[in-house]
Amino acid sequence: MKNIKLADQVDNWDDKTFLDKAKITIGGKITRTAIILLGKDESEHFLTPSVVKITWILKDENNIEKDYEHFAPPLLLNVDAIYSKIRNLKYRYLTENTLFPTEITQYEPYVIREVLHNCIAHQDYALNSRINVVEKPEELIFTNVGNFIPKTIETVIEQDAPQEYYRNQFLANAMLNLNMIDTIGSGIKKMFLLQMQRYFPLPDYDSSQSDKVKVKITGKIIDENYTKLLIKNTQLDIKTVMYLDKVQKKEKLSENENKILKKQKLIEGRYPNVFVSSKVALATGEKATYIKNRAFDKNFYKQLIIDFIKQYSTASRKDIDELLMDKLPNILDENQKRKKISNLLTEMSKKDKSIKNGGSDHKPGWTID
């Protein structure tokens, strides 16, 4: 409970005193903050041209809009109305050594409210745009306008302290006094910790656009190996889990992040194409997945090409692609696999000189040199 020392005084306050004490009004005068949080729907026009509106949009698995609703002031109350719109279904997954699935909701209520309240507190109302909440079958996407002041989410997690600057300082203080947010830097970190404890993907913060922040909350397990790894290694710190979360989402690690995970033997593969380590995969019964992700020795692929040419005298690029594509690790996408094959052919023809191109660069025909 906030301000417990004032508990014996509050019953004697009139509305004007309460609102002033909560720093929503100033000397009994209405403020923009008062309209945003407590104003009636029709009071929004006093803030024109600024827009004080949150739009909830429901989309299906094909990204087709199925429903929507706009919410205006009072946002203090309408946050709950928006939350009630979101379908927080049951999600089940199996952990090790049990036939009984773990059952939780797709989304932690605190996480939804924290993101939504942050959108309200940090929206740049001078840009005259709405806050959007897009609900898809297995994810929620929140967007608000204005740059992400801490620059990166890593900064927020690492400093774990109040920001030095708030875009809407008066609004943030009022929301703090109403228990809507905290200003000690722990709200976002708590979101990440809650997702860790649920063994779910971490929130995705996208601030690549200079005037917009997008937060995605995933309501499903992406990679079972990631989930099982968290279950087995409850001592992992939040930064390490953030790096592992990037791996499961196939986002590129920095060289330093890669070294940290490699040192702990949490990942395998050649940088930047890494995946959950064989030790974890084999321990969790994911042997087939590990084999599909593991690259064979380079000489294995070269020998396949040579054997093919010996049998058929020549090989086109299409022949070699068909020969190798399904044998290259699944961690690579199609373009990366084609690049890998190109590098192999270049090495075999120019360095090893084991094959030569009897055709053209556009239409090669590989033969034994």
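Numbers for the structure displayed
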item	result
Estimated vicinal HN-Hα couplings, Hz - region 252-261 in sequence order (Karplus 6.51, -1.76, 1.60; Gly, Pro = x)	6, 7, 6, 4, 5, 4, 4, 4, 4, 6
Among H122, A34, I309 the positive-end extreme of the charge dipole of the chain (Cβ point charges)	I309
Charge dipole of the chain about the Cα centre (unit charges at C-beta), most positive-ward option of N173, F71, T152	T152
Correct option for log10 I(q)/I(0) by the Debye sum over Cα atoms at q = 0.06, 0.11, 0.13, 0.14 Å⁻¹ [calculated from the coordinates] among [x] -0.36, -0.90, -1.09, -1.18; [y] -0.21, -0.72, -1.02, -1.18; [z] -0.48, -0.81, -1.03, -1.16	[x]
Footprinting exposure proxy for E139, E334 (fewest neighbouring C-beta atoms within 10 Å first)	E334, E139
Sparsely packed trypsin sites (Lys or Arg not before Pro) within region 28-104, loop by DSSP, other Cβ within 10 Å at most 14	K40, R87
Residue-by-residue Karplus 3J(HN,Hα) for region 358-368, coefficients 6.51, -1.76, 1.60, Hz, glycine and proline x	x, x, 10, 4, 6, 9, x, x, 7, 9, 6
Where GluC sites (Glu not before Pro) fall in DSSP loop in region 156-240, at most 15 other Cβ within 10 Å	E164
Percent antiparallel among DSSP beta bridges (both partners in the chain, rounded to 5)	85
Size of charge dipole - region 298-368 - debye, nearest 20, with Cβ of Lys, Arg +1 and Asp, Glu -1, no other charges	280
Dipole magnitude of the chain about its Cα centre (Cβ charges: Lys, Arg +1; Asp, Glu -1), debye to nearest 20	1460
Tail fraction, Cα-Cα pairs, region 187-243, threshold 12 Å, whole percent	69
Antiparallel bridges, percent of DSSP beta bridges restricted to region 28-138 (to nearest 5)	65
Cleavage-rule hits, trypsin sites (Lys or Arg not before Pro), region 113-216, DSSP coil, Cβ neighbours within 10 Å at most 12	K151
Amide H partners (placed H, <5 Å) of I181, local residues excluded	L176
Relative contact order, percent, the chain [alpha-carbon distance under 8 Å, six or more residues apart]	10
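Coordinate-derived values only; no laboratory data. Predicted, not measured: the structure shown is a model, and the values here were computed from it. Heads up, the Cβs are rebuilt from the backbone with ideal geometry, glycines too, and the neighbour counts pull from every protein chain shown.
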